[in-house]
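Asker: First, the structure itself, so that you have it in front of you.
Nothing in this text is a laboratory measurement; each read-out follows from the coordinates by a stated rule. Quantities reported herein were computed from a predicted structural model and do not represent experimental measurements. Note that each Cβ is placed from the backbone with ideal geometry, even for glycine, and that neighbours are counted across all protein chains shown.
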Amino acid sequence: MIDRYSRQILFDGIGKEGQKMLANSFVVIIGCGGLGTIIAATLARAGIGKVRIVDRDFIEYHNLQRQVLFDEDDIENQLPKAVAAQQHLSKVNSSIEIEGIVADVNYSNIEGLVHGADLILDGLDNLETRYLINDASLKHKIPWIYGAAISSCGMTMNVIPGQTPCFQCLYQRIPGGEMLLTCDTAGVIGPIPFIIGSLQSAEALKILVGAENINLDLVVIDVWEGEFNRFKISPRQDCPACQGKFEFLEARFGTRTTSLCGENAVQVLNPEAKEISLERLATQLGPVGEVSYNEFMLRFRVDDYEMVVFPDGRAIIKNTDDESLARGLYAKYIGT
């Protein structure tokens with residue numbers, strides 16, 4: 001089976017010893033969209049011993065423009081992204097462990113999801129969860145690689161606890177909504193997640209084999225304008241995370257809502273909710289709307305809205321960006 005990695009082993013930066021280190025490594029990829037699919041595909045093919053992929057979402061046709069692990073059959077089969085990623089990558093490399101977990105990453109589960117990992121990789125499209133990753137990284141001394149892609153631009157930075165500035169040194173607080181570009185307003189072209197995800201994957205290999213030349217800067221790229229820039233980021237003396245105050249991990253929320261990038265949809269999450277029976281919920285909702293379900297999720301259409309419900313009680317309310325309305329629909333049909 002070593003022939004699988006023969007070209008990689010010939011590369012001086014990895015070699016036989018480096019390949020053994022990769023085989024003994026465990027990485028967690030949080031988010032399996034444009035960035036996450038590139039990272040997952042690259043690292044699975046590179047022979048990382050265990051790859052855990054965590055994503056909350058299901059696959060839609062507009063994802064296929066840039067999310068390389070998925071196809072139209074996955075949409076027809078109503079597969080969540082994490083499940084489809086696991087199925088596809090298991091066919092690519094059956095010699096490693098690939099685990100797809102369908103979950104929303106939040107303060108109540110992130111530490112369990114990254115426990116024992118050698119590295120965390122960011123495939124997300126929202127800042128709040130990155131602050132959670134940053135807290136968990138610093139608390140448990142697990143390196144992580146930040147990555148973001150929107151429009152034709154992207155950026156990436158390594159966070160090595162105790163050695164580099166952290167994410168909260170870069171972004172002291174979550175910017176107001178008026179300061180952020182989203183898929184809804186700016187779109188995204190396929191090349192930028194390919195490039196940023198590939199840079200993240202390269203840094204992952206370097207970190208896992210103990211290379212000395214890891215990137216210590218914030219790298220910012222605009223593929224449309226042909227711009228490539230590096231910025232030195234300095235540690236912030238008043239950074240709470242660097243001082244061991246993990247504000248995002250310590251937060252406690254009730255039912256939470258999040259507008260989903262580019263989807264005219266709102267996710268509703270109740271961290272206190274216990275696992276629900278989709279079969280029972282389908283029976284309950286059948287008289288009031290159109291229902292279909294499998295073991296992974298339930299789809300419910302009522303009036304002008306579609307609800308996608310997961311076994312952990314999380315739901316995505318489609319055809320609205322009104323978080324208050326989404327919360328009301330959730331309470332009405334699923335309960336609080």
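Asker: Can you compute the FRET efficiency between N24 and E111 using 1/(1 + (r/R0)^6), with r the Cβ-Cβ distance and R0 = 25 Å? Round to the nearest 0.05. Provide the component values of the computation, followed by the final result.
Answerer: Values: r = 22 Å, r/R0 = 0.89.
After rounding to 0.05, the efficiency reads 0.65.
Asker: At a Förster radius of 41 Å, what calculated FRET efficiency corresponds to the Cβ-Cβ distance of E225 and Y61, to the nearest 0.05? Please list the in-between numbers first.
Answerer: Details: r = 29 Å, r/R0 = 0.70.
It comes to 0.90.
Asker: Rank P193, F26, I276 by how far each Cα sits towards the positive end of the charge dipole of the chain (+1 on Lys, Arg Cβ; -1 on Asp, Glu Cβ) and give me just the farthest.
Answerer: Positive-most Cα among the choices belongs to F26.
Asker: Further, regarding this structure: So how do S152, S6 line up by other beta-carbon neighbours within 10 Å, fewest first?
Answerer: Numbers: S152 18, S6 9.
Starting with the residue having the fewest Cβ neighbours, the order is S6, S152.
Asker: Next question, about the same structure. Taking only Cα atoms, what is the 0 to 90° angle, nearest 10, from helix 191-208's long axis to the longest principal axis of the chain?
Answerer: Helix 191-208 sits roughly 60 degrees off the main axis of the chain.
Asker: Within 10 Å of each residue's Cβ, count the other Cβ atoms and sort E203, E275 from fewest upward.
Answerer: Numbers: E203 22, E275 9.
Listed from fewest to most nearby Cβ atoms, that is E275, E203.
Asker: Here's another thing I want to ask about it. Here are a few candidate values for volume of the Cα convex hull per residue in Å³: (i) 136; (ii) 154; (iii) 219. Which one was actually calculated from the structure I just gave you?
Answerer: Step by step, volume of the Cα convex hull per residue in Å³ for this structure corresponds to label (i).
Asker: For K332, give me every one of the aspartates and glutamates with a C-alpha distance below 17 angstrom, ignoring sequence neighbours fewer than eight places off in its own chain.
Answerer: List returned: E290, D303, D304, E306, D322, E323.
Asker: Would you please give the FRET efficiency between Y171 and E76, computed as 1/(1 + (r/R0)^6) with r the Cβ-Cβ distance and R0 = 35 Å, to the nearest 0.05?
Answerer: Details: r = 39 Å, r/R0 = 1.12.
Efficiency, from the Cβ-Cβ distance: 0.35.
Asker: Mind pulling the angle between the C-alpha long axis of helix 323-333 and the longest principal axis of the chain? Nearest 10 degrees, somewhere in 0 to 90.
Answerer: Tilt relative to the chain: about 60 degrees.
Asker: Quick one: compute the contact order of the chain, relative version, from alpha carbon pairs under 8 angstrom and 6+ residues apart, as a percent.
Answerer: Values: 662 pairs, mean separation 47.1, N = 336.
With pairs under 8 Å counted, the relative contact order is 14 percent.
Asker: Does anyone have the angle between helix 34-46 and the longest principal axis of the chain? Alpha-carbon axes, 0 to 90°, nearest 10?
Answerer: Tilt of helix 34-46: around 50 degrees.
Asker: In addition: Using the number of other C-beta atoms within 10 angstrom as an exposure proxy, rank K81, K141 with the fewest first.
Answerer: Ranking K81, K141 by Cβ neighbours within 10 Å, fewest first, gives K141, K81.
Asker: Follow-up question, since we're still on this one. Given points 7 Å out from each Cα along the Cα-Cβ axis, report the R280 to V302 separation in nanometres with one decimal.
Answerer: The modelled label-to-label distance comes out at 1.8 nm.
Asker: Further question: Restricting to DSSP H runs of at least four residues, report the calculated mean residue ellipticity at 222 nm for the chain, -39500 (n - 2.57) per run over all residues, nearest 500 deg cm²/dmol.
Answerer: Values: 12 runs with 108 residues, N = 336.
Result for the chain: -9000 deg cm²/dmol, rounded to the nearest 500.
Asker: Same structure, new question: Please tell me the relative contact order of segment 256-333 in percent, rounded to the nearest whole number, where contacts are Cα pairs under 8 Å and at least six residues apart. Let's see the in-between values first.
Answerer: Values: 138 pairs, mean separation 26.5, N = 78.
Normalised by residue count, the contact order of segment 256-333 is 34 percent.
Asker: For a bin width of 10 Å, list the pair-distance distribution of segment 79-170 built from all Cα-Cα distances, rounded to whole %.
Answerer: Taking every Cα pair in segment 79-170, the percentages come to 15, 41, 35, 9, 0.
Asker: Pairs of lysine in segment 2-231 with Cα under 25 Å and at least 8 positions apart or on different chains: total?
Answerer: Summing the qualifying lysine pairs gives 15.
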